[in-house]
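Visitor: Sharing a structure below in structure tokens format, with a few things to ask.
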Amino acid sequence: MNQLNLTNKQLSELDSLFELVSQRQIKDFGNISASNKADGSLITSCDLWSDKTIVDGLALIAPNEGVLSEEGGKSIPNTKAYWVVDPLDGTTNFAAGIPYWSISVARFVDGRPQTSFLIIPTLKKKFVAIKGQGVWLNNKKIHPNQNNYQSECISLCSRSIKILQKKPNSVFPGKIRLLGVSSLNLTSVAMGQTFGAIESTPKIWDIAAAWLLLEELNCSIIWLETNPLDLVTGQNLSDVNFPLIACKSIEKIKILKPWGNLLLEK
């Protein structure tokens, strides 16, 4: 198949697939225990079910397009179009009874996101971004300039807090928010809820869907170490991090860049 854009039929089938997964996650929320993966992160049976359901669904909806997923194959597929899946971003929140996590799925074409889907089941929010066409929230198109509230907040991930310890005598340029979900930290920037985000160790599946949301809503991203546009077919991304800064504007990037650079110091 491998066409550039998804058909309306595919978009409808994807909508049904993600709704099925959302409903199962809400049903399991608060009723399921977690175990530790080899890297120390948490996983639940719901993560595994969600991953298998999405991957199997994609095989039917978009046959002959590869899939890279957090709980499955982690090497870049050798197909022109492929999918990057995080079936439950925010497992720690999910397992702890904190109702804030996402389903994050992006379709890449020629190595960059072409279409992305980011669903927040508990908030009944579904974002869809299409390259060059914009972003929709619950089927209503978002105007890039409609979120002009001048937020004072900055999203940090738990591992980027260490930058504060490296400059104990400097005042951090915003009120800190930690949502515990990489994809939603970045989405908060796209929606104007925070003016910037610093992510220390996100994996490709954490950022794939939000990356396109940010681009389509005219936000700025700088990759502090590894640029995901430089990846090659067959590369295993299990241990590859993509530290980044995302902001509403280039001017805000300049404010956070000295802090983000601290992540790279050994």
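The values are calculated or read from the model by the stated rules, or taken from the named source; none is laboratory data. The structure presented is a predicted model; accordingly, all values stated were derived computationally and were not measured. Cβ atoms come from the backbone with ideal geometry, glycine included; neighbour counts cover every protein chain shown.
Visitor: Only one residue in 22, 35, 69, 104 is crowded, with 21+ Cβ neighbours inside 10 Å, in contact with a strand residue (DSSP E or B) (Cβ under 8 Å, 6 or more places away or on another chain) and of a type in the set (Ser, Thr, Tyr), so which one is that?
Guide: That would be 104, the only listed residue that is crowded, with 21+ Cβ neighbours inside 10 Å, in contact with a strand residue (DSSP E or B) (Cβ under 8 Å, 6 or more places away or on another chain) and of a type in the set (Ser, Thr, Tyr).
Visitor: For residue 92, are the conditions met, namely being touching a residue at least 40 places away in the same chain (Cβ under 8 Å), in the same structural domain as residue 111 (by TED's automatic domain parsing), surrounded by fewer than 19 Cβ atoms within 10 Å (Cβ to Cβ) and under 24 Å from residue 233 (Cβ atoms)?
Guide: no
Residue by residue, here is whether (1) among the hydrophobic types (A, V, I, L, M, F, W, C); (2) assigned to a strand (DSSP E or B); (3) touching a residue at least 40 places away in the same chain (Cβ under 8 Å) holds:
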| position | (1), (2), (3) |
| --- | --- |
| 168 | no, no, no |
| 173 | no, no, yes |
| 180 | no, no, yes |
| 184 | yes, no, yes |
| 189 | yes, no, yes |
| 192 | no, no, yes |
| 201 | no, no, yes |
| 207 | yes, no, no |
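Visitor: Any chance you could count how many residues in the stretch 58-104 are acidic (Asp, Glu) and in a strand (DSSP E or B)?
Guide: 2
Visitor: Does at least one position in the stretch 47-64 carry a residue that is modelled with pLDDT under 95, more than 18 Å from residue 191 (Cα to Cα) and buried (at least 21 other Cβ atoms within 10 Å of the Cβ)?
Guide: yes
Visitor: Within the stretch 149-166, take every residue that is assigned to a loop (DSSP other than H, G, I, E, B) and surrounded by 12 or more Cβ atoms within 10 Å (Cβ to Cβ) and give me the one that is nearest to the chain's Cα centre (by Cα).
Guide: Once the filter is applied, the top-ranked residue is 157.
Visitor: Looking only at the stretch 4-27, decide whether some residue is more than 16 Å from residue 93 (Cβ to Cβ), touching an Asp or Glu at 6+ places or on another chain (Cβ under 7 Å) and in a helix (DSSP H, G or I).
Guide: No, the conditions are met nowhere in the stretch 4-27.
Visitor: Something else about it: Name the residues in the stretch 35-47 that are touching a residue at least 24 places away in the same chain (Cβ under 8 Å) and either outside any strand (DSSP E or B) or more than 18 Å from the chain's Cα centre (by Cα) (or both), would you?
Guide: 41, 44, 46, 47
Visitor: How many residues are modelled with pLDDT of 95 or more, out of contact with any Phe, Trp or Tyr (no Cβ under 9 Å at 6 or more places or on another chain) and not in a strand (DSSP E or B) when one looks only at the stretch 119-148?
Guide: 5
Residues are listed down the side, and each one gets a yes or a no for (1) of a type outside the set (Val, Ile, Thr); (2) closer than 21 Å to residue 15 by Cα; (3) outside the structural domain of residue 200 (by TED's automatic domain parsing):
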position: 99; (1), (2), (3): yes, no, yes
position: 115; (1), (2), (3): no, yes, yes
position: 118; (1), (2), (3): yes, yes, yes
position: 135; (1), (2), (3): no, yes, yes
position: 165; (1), (2), (3): yes, no, no
position: 169; (1), (2), (3): yes, no, no
position: 174; (1), (2), (3): yes, no, no
